[in-house]
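Undergrad: Can you read through this structure? Questions will come right after.
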Amino acid sequence: PPAPQAKGMSEVANGSVTTHVLNTATGLPAAGLAIRLARLQEPGPQWIELAQRWTDEDGRCLPLLAPGHAKAGTYKLHFETAPYWHGLGHPNFYPFVEVVFTITDPAQKLHLPLLISPYSYTTYRGS
């Protein structure tokens, strides 16, 4: 039904860091894929985990950082692709994908989609 879907979309649109994952081999959303968000602790190479989510049937999840919780700095999204491909019975070349990015304006919404197939992945800054 349109109403719950519209409600879910408005929740996603209000997040300051959001993502979605699409399986380009099938052209369908990647459901049930685990995602973790971490922030680089400055100074030093230590990552602090901030959130963990799983994608829904539309390949989306609740915002990884809610509005007002972002700080300027370096972050990474960690996508657990091996269990996803294993669940579909596919081999995979990349056991996980990490996307590292910088937040310079914490008030700005960031959407970071991931397109995956068993032997490739692509990411971009979405809207």
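Undergrad: Could you say which residue among Phe101, Phe96 is in contact with an Asp or Glu (Cβ under 9 Å, 6 or more places away or on another chain) and under 30 Å from His69 (Cα atoms)?
TA: Result of the check over Phe101, Phe96: Phe96.
Undergrad: Please find, among Tyr94, Tyr121, Tyr75, Tyr84, the residue that is open to solvent by 70 Å² or more (accessible area, probe 1.4 Å) and either part of a strand (DSSP E or B) or touching a Gly at 6+ places or on another chain (Cβ under 7 Å) (or both).
TA: Just one listed residue meets the conditions, Tyr121.
One line per residue, one yes/no per condition, for (1) within 21 Å of Arg125 (Cα to Cα); (2) free of Cβ contacts under 8 Å to residues at least 40 places away in the same chain; (3) touching a Ser or Thr at 6+ places or on another chain (Cβ under 8 Å):
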residue	(1), (2), (3)
Val21	yes, no, yes
Thr24	yes, no, yes
Leu37	yes, no, no
Gln46	no, yes, no
Arg60	yes, no, yes
Leu65	yes, no, yes
Ala82	no, yes, no
Trp85	no, yes, no
Pro95	no, yes, yes
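Undergrad: Give the residues of the stretch 47-72 that are open to solvent by less than 50 Å² (accessible area, probe 1.4 Å) and polar (S, T, N, Q), sorted by residue number.
TA: Thr55
Undergrad: Condition check: touching a Phe, Trp or Tyr at 6+ places or on another chain (Cβ under 8 Å) and open to solvent by 40 Å² or more (accessible area, probe 1.4 Å). Does Gly32 satisfy that?
TA: Here the answer is yes, as Gly32 does meet what is asked.
Undergrad: I need the full set of residues from the stretch 1-19 which are assigned to a helix (DSSP H, G or I), more than 23 Å from Tyr124 (Cα to Cα) and either modelled with pLDDT of 75 or more or not hydrophobic (A, V, I, L, M, F, W, C) (or both), in order please.
TA: Within the stretch 1-19, Pro2, Pro4, Gln5, Lys7 qualify.
Undergrad: With the requirement that a residue be farther than 19 Å from Pro63 by Cβ and under 14 Å from the mean Cα position of the chain (by Cα), what does the stretch 101-124 give you?
TA: Once the filter is applied, which keeps residues that are farther than 19 Å from Pro63 by Cβ and under 14 Å from the mean Cα position of the chain (by Cα), the stretch 101-124 yields Leu115, Ile116, Tyr121, Thr122.
Undergrad: For Gly44, all conditions in the list (1) of a type outside the set (Lys, Arg); (2) open to solvent by less than 60 Å² (accessible area, probe 1.4 Å); (3) under 19 Å from Gln108 (Cβ atoms) hold save one; what is the number of the exception?
TA: Every condition holds for Gly44 apart from (3).
Undergrad: Looking at the stretch 99-113 only, could you name the residues that are surrounded by 12 or more Cβ atoms within 10 Å (Cβ to Cβ) and either part of a strand (DSSP E or B) or without any contact (Cβ under 8 Å) to a residue 60 or more places away in the chain (or both)?
TA: Val99, Val100, Phe101, Ile103, Leu110, His111, listed by residue number.
The values are calculated or read from the model by the stated rules, or taken from the named source; none is laboratory data. Keep in mind that what you see is a predicted model, and the values were worked out from it rather than measured. Here Cβ is always computed from backbone atoms with ideal geometry, including for glycine, and neighbour counts include all displayed protein chains. These area figures cover heavy atoms from the full protein model, side chains too; ligands, DNA and RNA do not enter into them. Shrake-Rupley method; radii C 1.70, N 1.55, O 1.52, S 1.80 Å.
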